[in-house]
Amino acid sequence: MNATLLLYLLASAVLYAVLSPRFNYRLYRWLIFHPYPFEPGTELPPSVENAEVDEVYVHLKSGRKLHCWYFRVANATKTIMFSHGNAGNLSSRNSILNLLARTGASVFIYDYEGFGKSEGKPTIDGICENGLAVYDFLVNIEGIAPENLIVYGESLGTGVAMFLADVKPVAGVILQSGFSSLKTIAQEAYPGLRAFPSFLFPSQQLDTLSLAKKKHPPLLIVHGMKDSVVPYSHAERLYKEASEPKQLLTLPESGHTDICSTAPTLFLETVIQFISRL
């Protein structure tokens with residue numbers, strides 16, 4: 001092998017590694033996270049039937065703050081901690097918040113770092129750390145017993161919810177429109193990423209499927225069959241391979257974010273029944 005060819009191969013190997021999600025993390029983060037600031041008139045939390053709403057800030061160890069809304073439902077025995085998807089901010093979830101408050105549980109939703117009015121920038125490790133900070137706030141500051149806390153994940157947030165259920169005690173887990181792993185859905189959305197093996201992805205891959213195979217609290221998987229962002233096949237695989245106890249709610253006419261308009265009654269009834277058994 002001559003020196004020119006060796007130099008070419010070395011340069012190619014370096015370029016390959018540099019372009020990988022593990023080392024070109026800024027690009028990978030840009031592909032994943034799409035936060036938006038609040039639009040004028042949406043900064044305040046919406047009014048929700050039967051709930052008092054508080055605007056709350058959770059302080060991180062870094063000194064930064066997470067912006068949160070807390071919907072306190074009268075006489076609620078359970079609290080839903082809502083980890084949202086990869087785009088928008090708190091105000092993008094007003095419809096689902098109204099629906100969840102009708103379950104009889106209180107609802108606490110937060111923006112990851114860099115979303116809405118939360119300080120900082122989002123990272124994969126960071127959103128998990130944000131989830132832990134909110135969990136600790138609810139348990140240690142608000143005094144919510146872990147056996148009364150339900151972690152709810154929407155899309156990207158399903159990875160955070162399953163992560164929390166793996167490292168902290170919770171009453172139950174609800175995964176809405178979730179993926180089997182972040183790496184898998186990223187490779188499906190951006191086929192060029194299939195050129196990179198697992199070790200060239202960030203160490204935190206939000207591997208929901210692997211965690212679902214382990215021992216976990218009661219699990220409810222909710223997914224629309226018309227989801228074009230995270231295909232329904234992810235829910236099928238999650239349900240098939242997850243350990244018990246588990247439940248799958250299939251919504252034939254629902255896509256990725258339209259549950260509130262396509263199947264509100266079925267969704268609400270199922271979540272109420274799920275919570276009643278916890």
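Based on what the data block shows, is residue 147 within 20 Å of residue 72 (Cα to Cα), charged (D, E, K, R), touching a residue at least 24 places away in the same chain (Cβ under 8 Å) and in a helix (DSSP H, G or I)?
The answer is yes for residue 147.
How about the range 240-251: which of its residues are of a type outside the set (A, V, I, L, M, F, W, C) and in contact with a helix residue (DSSP H, G or I) (Cβ under 9 Å, 6 or more places away or on another chain)? Talk me through it step by step, then tell me what you get.
First pass over the range 240-251, keeping only residues of a type outside the set (A, V, I, L, M, F, W, C): 240-241, 243-247, 250.
Once the filter is applied, which keeps residues that are of a type outside the set (A, V, I, L, M, F, W, C) and in contact with a helix residue (DSSP H, G or I) (Cβ under 9 Å, 6 or more places away or on another chain), the range 240-251 yields 241, 243, 246, 247, 250.
Do we have any residue at all in the range 92-100 that's among the aliphatic types (A, V, I, L, M) and under 13 Å from the mean Cα position of the chain (by Cα)?
Pass one, the range 92-100, residues among the aliphatic types (A, V, I, L, M): 96-97, 99-100.
Next, from what is left, pick out any that are under 13 Å from the mean Cα position of the chain (by Cα): none.
Within the range 92-100, none of the residues are among the aliphatic types (A, V, I, L, M) and under 13 Å from the mean Cα position of the chain (by Cα).
Condition first: over 20 Å from residue 159 (Cα atoms) and hydrophobic (A, V, I, L, M, F, W, C). Now tell me which residues in the range 103-136 satisfy that.
If the condition is that a residue be over 20 Å from residue 159 (Cα atoms) and hydrophobic (A, V, I, L, M, F, W, C), then 105 is the only one that fits.
Inspect the range 222-238 for any residue being of a type in the set (D, E, K, R), part of a helix (DSSP H, G or I) and in contact (Cβ under 8 Å) with a residue 40 or more places away in the chain and give the result as yes or no. Break it down into steps so the answer makes sense when it comes.
Here is the first cut: in the range 222-238, the residues of a type in the set (D, E, K, R) are 226-227, 236-237.
Narrowing the set further to residues that are part of a helix (DSSP H, G or I) leaves 236-237.
Of the ones still in play, those that are also in contact (Cβ under 8 Å) with a residue 40 or more places away in the chain are 237.
Scanning the range 222-238, I find at least one residue that is of a type in the set (D, E, K, R), part of a helix (DSSP H, G or I) and in contact (Cβ under 8 Å) with a residue 40 or more places away in the chain, so the answer is yes.
Residues being part of a helix (DSSP H, G or I) and buried (at least 17 other Cβ atoms within 10 Å of the Cβ): count how many of those fall in the range 118-128.
Within the range 118-128, the first condition is being part of a helix (DSSP H, G or I), and the residues that meet it are 124-128.
From the residues that got through so far, the ones that are buried (at least 17 other Cβ atoms within 10 Å of the Cβ) too are 124, 126-128.
Number satisfying all stated conditions: 4.
From the list 198, 261, 180, which one is without any contact (Cβ under 8 Å) to a residue 24 or more places away in the chain and small (Gly, Ala, Ser)?
Numbers: 261 fails: without any contact (Cβ under 8 Å) to a residue 24 or more places away in the chain; 180 fails: without any contact (Cβ under 8 Å) to a residue 24 or more places away in the chain.
Going through 198, 261, 180 in turn, the sole match is 198.
Taking residue 215 as the residue in question, decide whether it is outside any strand (DSSP E or B), without any contact (Cβ under 8 Å) to a residue 12 or more places away in the chain, closer than 20 Å to residue 173 by Cβ and basic (Lys, Arg). I'd like the intermediate steps shown before the answer.
Working: outside any strand (DSSP E or B): yes; without any contact (Cβ under 8 Å) to a residue 12 or more places away in the chain: no; closer than 20 Å to residue 173 by Cβ: yes; basic (Lys, Arg): yes.
Criteria not met by residue 215.
Would you mention how many residues in the range 239-277 are part of a loop (DSSP other than H, G, I, E, B) and either within 19 Å of the chain's Cα centre (by Cα) or loosely packed, with under 15 Cβ neighbours inside 10 Å (or both)?
Taking the range 239-277 and keeping what is part of a loop (DSSP other than H, G, I, E, B), we get 242-245, 252-258, 263, 277.
Checking which are either within 19 Å of the chain's Cα centre (by Cα) or loosely packed, with under 15 Cβ neighbours inside 10 Å (or both) leaves us with 242-245, 252-258, 277.
Of the residues in that region, 12 qualify.
Under 9 Å between Cβ atoms, which residue pairs at least 6 apart in sequence (or on different chains) link something in the range 40-63 that is within 22 Å of residue 129 (Cβ to Cβ) with a partner that is β-branched (Val, Ile, Thr) and not in a strand (DSSP E or B)?
That search, which allows pairs on different chains as well, returns 58/134; 58/141.
Within the range 63-83, track down each residue that is modelled with pLDDT of 95 or more and part of a loop (DSSP other than H, G, I, E, B).
Selection gives 63, 64, 76, 77, 78.
The values are calculated or read from the model by the stated rules, or taken from the named source; none is laboratory data. Keep in mind it's a predicted model, so treat the numbers as computed, not measured. Positions of Cβ are generated from backbone atoms using ideal geometry, with glycine treated the same way; all protein chains shown enter the neighbour counts.
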